[in-house]
Each structure stands twice: as structure tokens, then as C-alpha cells.
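The values are calculated or read from the model by the stated rules, or taken from the named source; none is laboratory data. Remember, it's a predicted structure, so these values are computed and weren't measured experimentally. Please note: Cβ atoms are built from the backbone with ideal geometry, for glycine as well, and neighbour counts cover all protein chains shown. What goes into the accessible areas is simple: the full protein's heavy atoms, side chains included, and nothing from ligands, DNA or RNA. Shrake-Rupley method; radii C 1.70, N 1.55, O 1.52, S 1.80 Å.
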Amino acid sequence: MRERALLPVTAGILPLLLVLGLPAPASAGGEAPGPLTGTCVGRIHYTFDPPLRATPRETTTSWSGDYSCSELPLVKSRTWKGTFKGSVKSVTGCLQASPGQVVTPSITETDHWTTPEGRHQGGTSVLTGTVSTLPREDGTRVAEWTSTVTGGTWFKGHHFNGNNVYTSLTSGRLCLTGGEIDHNDGTAVVTFLPL
């Protein structure tokens, strides 16, 4: 009888804490509960194996990086950190045939989240979506990525929008003259929308 009476009481605590802006308690597994929304900004590092060249060929593109994140709205919002990585095999080159070329039908990335105070391990998110690129001969590449969080403990089922950008004038000139590019660095932004 006592257990049944506690259920309605505990079910009302989390929404109350969120309204008051207080941190929610950790889950039984030691993970902090996930935010409802968020925007993350960070750095990204790409490697290409074999290196990219002007003529497209099958290449494994791997990426990794880190994020600093804030819950939306940004006023008095919760913050957290994250790391991410993924890889995909596709036929691609350092010069693309058209501005809206889809690099691959779908890619998956796994993000690992940690709370800033370090008391909780945070959670994970598995992002699966379609990426398109907007390359230019100056070496700039903008990867636009959008879809749904398909797994993990944070943001599952949420829609996300992401942009990854790298710019290298040297790489652009190298590609135009027949050279190869084995890595590049840039910035990454992803926004998780409310359910």
C-alpha cells in the first residue's frame, strides 16, 4: 500500500524540479537525466582513408570531436559537455559533381555526454541521418545533417539539425592540382529539438 502511495508523489517531483530550474536527481544507473532540448558547438577532426583526390573513389571518412552544450532557452540553462565519433564508407572525392550531392544515404554517430560538475556520467545519443555537402573549390565543405536520435539515453526520438564545416585554402588548391587530402579540421554544431 505504501509503495502505491509513493508513485504519484514521485511522478510529480521531476516536473516540479524542471519548472523551478533545479537539477533533477540521477537515474538508478548513475546517469544524469537528459535535457529536453539543447544546442552544442564544438570542434571536429576528419580523416580520409584512402586520401581524397579529385576523382571520386571508395573512401572511409572518420570523424571525432567534442562539444560544449546548453539547454534551450540559453538563459539560466543547464550545460554539459560531449564527445562524438563515427565513420562511413562512401564513394567521394575532394571535388564534388554538384553543390547538393548526397555523400551517403545515411550515417550514424554516437555522442557521449557528461555533466560539467562530473558527478554523473551523463548519457549517450545515437544519431542517424542523411548528410549532404556543399563543397567549393576554395576547400570549404559544409556538411548538413538532419534526422532523428535513434538510440541512447539522452534525446532519443528527438529531431536534430547539424552542420559541420571545414575550410582549408591549401586543401582546395592541392585538390585542384591533383594532390590528395588525408585529414581536415573544422567546427560542428548540432541542435536537439523538443519532442
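Listed values, structure above:
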| item | result |
| --- | --- |
| Hits in segment 173-188 - residues which are within 26 Å of THR146 (Cβ to Cβ) and either in contact with a Cys (Cβ under 6 Å, 6 or more places away or on another chain) or surrounded by 16 or more Cβ atoms within 10 Å (Cβ to Cβ) (or both) | ILE181, ASN184, GLY186, ALA188 |
| Positions within segment 75-94 being hydroxyl-bearing (Ser, Thr, Tyr) and either more than 18 Å from GLY186 (Cα to Cα) or in contact with a helix residue (DSSP H, G or I) (Cβ under 8 Å, 6 or more places away or on another chain) (or both), in sequence order | SER77, THR79, SER90, THR92 |
| Within segment 58-82, considering residues that are in contact with a Gly (Cβ under 8 Å, 6 or more places away or on another chain) and part of a loop (DSSP other than H, G, I, E, B), the one surrounded by the fewest Cβ atoms within 10 Å (Cβ to Cβ) | LYS76 |
| Flag for ALA97 being at pLDDT below 75 and either within 22 Å of THR47 (Cα to Cα) or under 11 Å from the mean Cα position of the chain (by Cα) (or both) | yes |
| Qualifying residue in segment 135-151 (condition: at pLDDT 90 or above, over 20 Å from LYS89 (Cβ atoms), assigned to a strand (DSSP E or B) and open to solvent by 20 Å² or more (accessible area, probe 1.4 Å)) | yes |
| Residue match in segment 47-57 (condition: open to solvent by 40 Å² or more (accessible area, probe 1.4 Å) and on the phi > 0 side of the Ramachandran plot) | no |
| Qualifying residue in segment 82-94 (condition: over 21 Å from THR55 (Cβ atoms), at pLDDT 85 or above and in contact with a Cys (Cβ under 8 Å, 6 or more places away or on another chain)) | yes |
| Neighbours by Cβ (under 9 Å, 6+ apart or cross-chain): first from segment 54-80, more than 29 Å from GLY34 (Cα to Cα) and β-branched (Val, Ile, Thr); second outside any strand (DSSP E or B) and open to solvent by 40 Å² or more (accessible area, probe 1.4 Å) | THR55/LEU95 |
| Subset of segment 169-195 that is under 23 Å from GLY65 (Cβ atoms) and part of a loop (DSSP other than H, G, I, E, B) - its residue that is modelled with the lowest pLDDT | GLU180 |
